[in-house]
Amino acid sequence: MKLALPKGKLQKDTAALLDKAGFGLDDYNERSRSYRLKSSRFPDMFIKVFRERDIPIQVAIGNYDLGICGLDWMGELMAKYPASDVIKLKDLGYGGFDLCAVAGRSSGVTSARQLNGCFDKVRIVSEYQNIAEAFALKYRLRRFSILPILGAGEVYPPESADVAIIPKMTARKLASFGLTPIADIITCGACLIANKRTLSRINFSDILTSLQPFIGDVPVAEEMRIEEKPAGKGAMPCVESSDGDVRLALPDGHLMKTTAELLSRTALGIEGYSDDAPAHRPTVDIPGVSIKMIRPQDMPLQVANGNFDLAITGEDWLSDHLYRFPSSPARKVLKLGFAKVKIVAVVGPGFPADSIGDLRDMVRSGELRSVRVASEYVNLADKYARDNRLGGCRVIPTWGASEAFLPEDADLLIENTETGATLRKNNLNIIDTVCESTSCIIGNSDALSDPRKKERIGRLVKAIEDAIK
């Protein structure tokens, strides 16, 4: 029997539940870098840790018999693939939140049914792309586009999107982002899921019996529904920005600390951008410049779409974007030099290849008929496999914690590493360096040549360039 457990926001509560149920897991906690676990109570069970959003897919395709994840990611899979071989067995009673659709207050929209009348084309931003499409179809939006992101959707409306689908916030927090709720979508919580085909041949009763005393009769999380909010009154008028305004995106996450340190050495007077109390809309002492904080992975596409003129991200994410969209208007403006990483090709312990040439020979000889390549860098991984003539390769998108896929669920991993410590801890072997990456400023080529924006962009870039000398 194979069980997939979540890494991230559900990990602490999941570990507590399994501890109470007597699973006796050896190293499952928020600080652990282990991805394979042993259970003293179920010694024959194979247990692996994944990013939560990967788990429903792994269970649906039959790589794992059971999994624990949030109903949001179960709903995201089922919204596009309703016939998938995955079923919810139990709600577990923790990790609850509501997913909702919000719009910018300044747009004047207070109900989802107003969208067709307010926008010629509705721009929807969300990390839940399939749920976003279901939302658009539910309200019969005549024209819409879905902007895929990896999080922080609340910062996009109204300038970069018209609607965001995000976890519900308090009224006070929504107001701080200038947002108003327009529809409720799904009530989410942690749940135990299973592969439908597995249910007919494996008896899960021992596992369910061990969990039952500690979950009791928890409220059942709702299947996906979309309910509009009633139209409100007194909506704020839409506020348009000037055509000459410059929009700058700064990174959150692991790039934030070093980026904040760099910006603190400039004379730009940026406030609200620090680890202590980050604001999603920092301010700067340059009139006509606005700043938002978003995920570095999202920046190349957002810059290419014209939602931002400049952004600080990694060369790795720009390269991944350009491999898919070689004529993209997103281009590198300035190399910054911090957050250095290598993108490497990695195989699992005992894999009979010490180089990419060895792996290619295995494919040519028929020893390995198809190469499963797991990576967050989907486009870069695809290009690398093609360049190295790994015929019949299949790229498996991941959402972080990619080391967990080797060796059972992938043959090759394309991953970033700073020191290699995590790879070594998991007994993984680097067989090639794909490329090296550092932080950089990227820009939209149309904005860079726009005479109305050129002076402000030049001032921003020059101040940052001076700070790294």
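Here, each number is a calculation from the coordinates, and none is a lab measurement. Just so you know, these numbers come straight off a predicted model, no measurement behind them. Methodologically, a virtual Cβ is constructed for each residue, glycine included, from the backbone with ideal geometry; neighbour enumeration extends over all protein chains shown.
For the reader, a short list of remarks on this structure follows.
- Listed by chain and number, the lysines whose C-alpha is less than 23 Å from the C-alpha of LYS80, apart from same-chain residues fewer than 8 away, are LYS88, LYS90, LYS121, LYS138, LYS168, LYS196.
- Most positive-pole-ward Cα, PHE177, GLY104, ALA132, against dipole of region 73-190 from beta carbon charges: GLY104
- Helical contribution to [θ] at 222 nm, DSSP H n ≥ 4, -39,500 (n - 2.57), averaged over the chain, rounded to 500: -7500 deg cm²/dmol
- Under 5 Å from the amide H of ILE270 lie the amide H atoms of ASP285, each residue being 5 or more positions distant or on a separate chain, with H modelled from the backbone and absent for Pro and chain starts.
- Under 22 Å of direct C-alpha separation, and excluding same-chain neighbours fewer than eight residues apart, LYS335 reaches these lysines: LYS257, LYS292, LYS453, LYS454, LYS462, LYS469.
- Between ARG386 and ARG331, residue separation times 0.36 nm minus the direct Cα-Cα distance comes to 17.4 nm.
- Shape of region 1-74, Cα gyration tensor, a/c cut at 1.5: oblate
- Shape analysis of region 1-145 based on the Cα gyration tensor places the equivalent ellipsoid semi-axes at 38, 16, 11 Å, largest first.
- For region 230-389, the calculated P(r) over all alpha carbon pairs, in 10 Å bins from 0 to the bin holding the longest distance, is 9, 29, 26, 19, 12, 5, 1, 0 percent.
- Placed amide H near LEU179: partners under 5 Å, 5+ positions off or other chain: ARG105
- As an equivalent ellipsoid, region 341-437 spans semi-axes of 19, 14, 13 angstrom, where each value is the square root of five times an eigenvalue of the C-alpha gyration tensor, largest first.
- Remark on VAL289: its backbone amide H falls under 5 Å from those of VAL246, a criterion applied only to residues 5 or more positions apart or on other chains, H modelled at 1.01 Å from N.
- Geometric extent, Cα atoms of the chain - Rg, Dmax (angstrom): 23.5, 71
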